[in-house]
Amino acid sequence: MKNKLVCYFSAAQSEQPIIYRLVKDYDLIINILKADINPQKEGFLVLELEGERSSYDQGVAFLKSLGVGVEPLSETVVWQPSVCIQCGACASFCPTEALQIDRSSMEVSFDNSKCVVCGMCLDCCPTRAITLHFEIKEAV
Amino acid sequence: MAVNKSYEEINEKIRRGEAVVVTAEEVIDVVAEKGYEQAAREIDVVTTGTFGPMCSSGAFINFGHSNPRIKMKKVWLNGVEAYTGIAAVDAYVGAGQLPENDPENKVFPGRFTYGGGHLIHDLVAGKEIKLEAIGYGTDCYPNKKVDAIITLSDVNDAFLFNPRNAYQNYNCAINLGERVIYTYMGILKPKMGNASYSSAGQLSPLLNDPYYRTIGIGTRIFLGGGVGYVAWHGTQHHPNVPRGENGVPLGGAGTLALIGDLKGMDPNWLVGLSFIGYGATMAVGIGVPIPILDEEMLRFTAVKDEDIYCPIVDYDEGYPYCKPMDLGRVNYRDLKSGKVIINGKTVVTTPQSSYPRARQIAQILKNWIQKGQFQLTQPVASIPSAEADIVFKSIPHKKPGNEDSVVEKRR
Ligand code: SF4
Ligand code: SF4
């Protein structure tokens, strides 16, 4: 299985070789998507963890046992109408019609409530008017 | 009596604020209501528009001199190299140029987040630009290095000069292969997963004057939000191609070389684009006014999306390896509907050129003309049309001779 997580650290935890342990002891494939550790050594890591279901669960349990706050990553897609040039290229890639073209005006609109954050539209927008935002709480 | 108007008569009406101006979309409804002859009598000007990726674009810049003076051998703007093999502080920056350190397609597909088009956009937006130049030093130009921050207002001259814009019609791109491909027509899904097209169709300038009767050298136009001119026919201009009964080419044909002062333009209408896996380019906004000299011109401008056909081209093998394949044609009404039928299969369509922005340009140009701010120009010379005998060439297969003979010739 594969999942994206946000891990919140305090100073004590950020001293430990957590990533190393996750790879070595739990055989997980780790992709660090974003990291932000402040000078007080508190912060967060956005990780993508991939591995067998059982090792995944054990890996997450290990993180929690160290007192690392672990939460599923919530991502949202943001469409910036001021950057968008209304080319319409994204709409044919969107599986849910969150991005849609009004066929009489040919104008593109975005309905966040229909978006499943599949990411298909991100690659095909030539102006990068569509971006992915990670929702991350203030560091604990 | 047949309708017959001169440029001067139309301009006189524009000056008096009495000209009747409609867009290339609106003219269709006027014709439906009043017929060709009456519409030709009433309408003086039809405005067109297009806003899409146009790689063959760029800007000439004269930076002014440093003190001491420099003869630039190489110059970079925000890391994007401009060509300076001309006079000391003149350069040309192309929309498709990438920064020196761009990762390109090393990790495929590359992102191409910044290039010449983005730079031109930033310049026009008045942003600060990092200028770096090197020279080898001469008695008259002793300086060897320049590092400075400049803005558009700091340079002597900056004018857009786009060798090939406003393609009259274009391909509809599909992918017959087995893997996703990344092209200048966007992402093409395998096994004909989508069909990409790039034209404003019924609003596009050269599709409204298919034989270039009124669009020629010297035609004043809307360019990048400011005023520009047609400088020449564009590169790869190929007017002698098969055409429909309405005169409209059945594939890529005419092109225009355009020129205009960057200092009068608007960043909204010159936008840097990043095509994943392909490169960086620029969307250029162009609007051309078409004088309704007679009923024939009115008929040309009343062309509809459903009467404009473009060829379906495979970008997996057909285009890159120049393999002719007859995959048929589709019209722009069907392309704009979101689905077309190709070879019995329903295929979703992916536009690349912005139709809403093209419509906006035609509206802006219409307003300029209605307010008497923008008068029409009669071309000083025509560009080659359908009767031309232009052969579309490719690079000859002739290989250079052995090295010795090349050296011989150089001596
Ligand atoms: S992320 Fe997916 S669902 Fe959301 S808008 Fe983009 S393509 Fe549509
Ligand atoms: S691909 Fe990007 S620029 Fe084009 S319509 Fe979609 S969001 Fe707008």
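Within the range A:112-119, not a single residue is surrounded by 15 or more Cβ atoms within 10 Å (Cβ to Cβ) and either in a helix (DSSP H, G or I) or within 11 Å of ligand 2 (Cβ to nearest atom) (or both).
Residue-level analysis places A:E52 outside the set of residues that are touching a strand residue (DSSP E or B) at 6+ places or on another chain (Cβ under 9 Å) and charged (D, E, K, R).
Here the range A:113-136 is the region considered, the condition is being among the charged types (D, E, K, R) and at the interface with chain B (Cβ under 10 Å from one of its Cβ atoms), and the residue that is nearest to ligand 1 (Cβ to nearest atom) is A:D123. Restricting the search to strands (runs of 3 or more DSSP E) fully inside the range B:297-411 and requiring at least 2 residues that are within 14 Å of chain A (Cβ to nearest Cβ) and not small (G, A, S) gives B:339-342, B:345-351. Restricting attention to the range A:120-138, the residues being of a type in the set (A, V, I, L, M, F, W, C) and within 10 Å of ligand 2 (Cβ to nearest atom) number 6. The criterion of being closer than 30 Å to A:D123 by Cα and in contact with a Gly (Cβ under 8 Å, 6 or more places away or on another chain) does not hold for A:G43.
For (1) in a loop (DSSP other than H, G, I, E, B); (2) closer than 29 Å to B:T350 by Cβ; (3) open to solvent by 20 Å² or more (accessible area, probe 1.4 Å), each residue gets a yes or a no:
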| position | (1), (2), (3) |
| --- | --- |
| B:A40 | no, no, no |
| B:V46 | no, yes, no |
| B:G52 | no, yes, no |
| B:I86 | yes, no, yes |
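Per the listing B:V75, B:V93, the residue uniquely at pLDDT 95 or above, under 25 Å from the mean Cα position of the chain (by Cα), among the hydrophobic types (A, V, I, L, M, F, W, C) and open to solvent by less than 50 Å² (accessible area, probe 1.4 Å) is B:V93. For the range B:15-38, a residue qualifies if it is open to solvent by 40 Å² or more (accessible area, probe 1.4 Å) and in contact (Cβ under 8 Å) with a residue 60 or more places away in the chain, and the qualifying residues are B:R15, B:R16, B:G17, B:E25, B:Y36, B:E37. Which one of A:S74, A:S82, A:S14 is among the small types (G, A, S), modelled with pLDDT under 90 and either surrounded by fewer than 16 Cβ atoms within 10 Å (Cβ to Cβ) or in contact with a helix residue (DSSP H, G or I) (Cβ under 9 Å, 6 or more places away or on another chain) (or both)? After ruling out the rest, the residue left standing is A:S74. Here A:S109 does not qualify as within 14 Å of another protein chain (Cβ to nearest Cβ), modelled with pLDDT of 95 or more and away from ligand 1 (no atom under 15 Å from the Cβ).
Yes/no per residue for (1) of a type in the set (G, A, S); (2) touching a Lys or Arg at 6+ places or on another chain (Cβ under 9 Å); (3) outside the structural domain of B:A257 (by TED's automatic domain parsing):
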position: B:A82; (1), (2), (3): yes, yes, yes
position: B:L119; (1), (2), (3): no, no, yes
position: B:D122; (1), (2), (3): no, no, yes
position: B:C140; (1), (2), (3): no, yes, yes
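If the condition is being in contact with a strand residue (DSSP E or B) (Cβ under 9 Å, 6 or more places away or on another chain) and free of Cβ contacts under 8 Å to residues at least 12 places away in the same chain, then the range A:13-28 contributes only A:V23. The residue of the range A:91-111 that is farthest from ligand 2 (Cβ to nearest atom), among those that are part of a strand (DSSP E or B) and open to solvent by 40 Å² or more (accessible area, probe 1.4 Å), is A:D102.
The values are calculated or read from the model by the stated rules, or taken from the named source; none is laboratory data. Keep in mind the model is a prediction, meaning the values are calculated, not measured. Neighbour counts run over all protein chains shown; Cβ positions are idealised from the backbone, glycine included. Note: areas computed on protein heavy atoms with side chains; ligands, DNA, RNA excluded. Shrake-Rupley method; radii C 1.70, N 1.55, O 1.52, S 1.80 Å.
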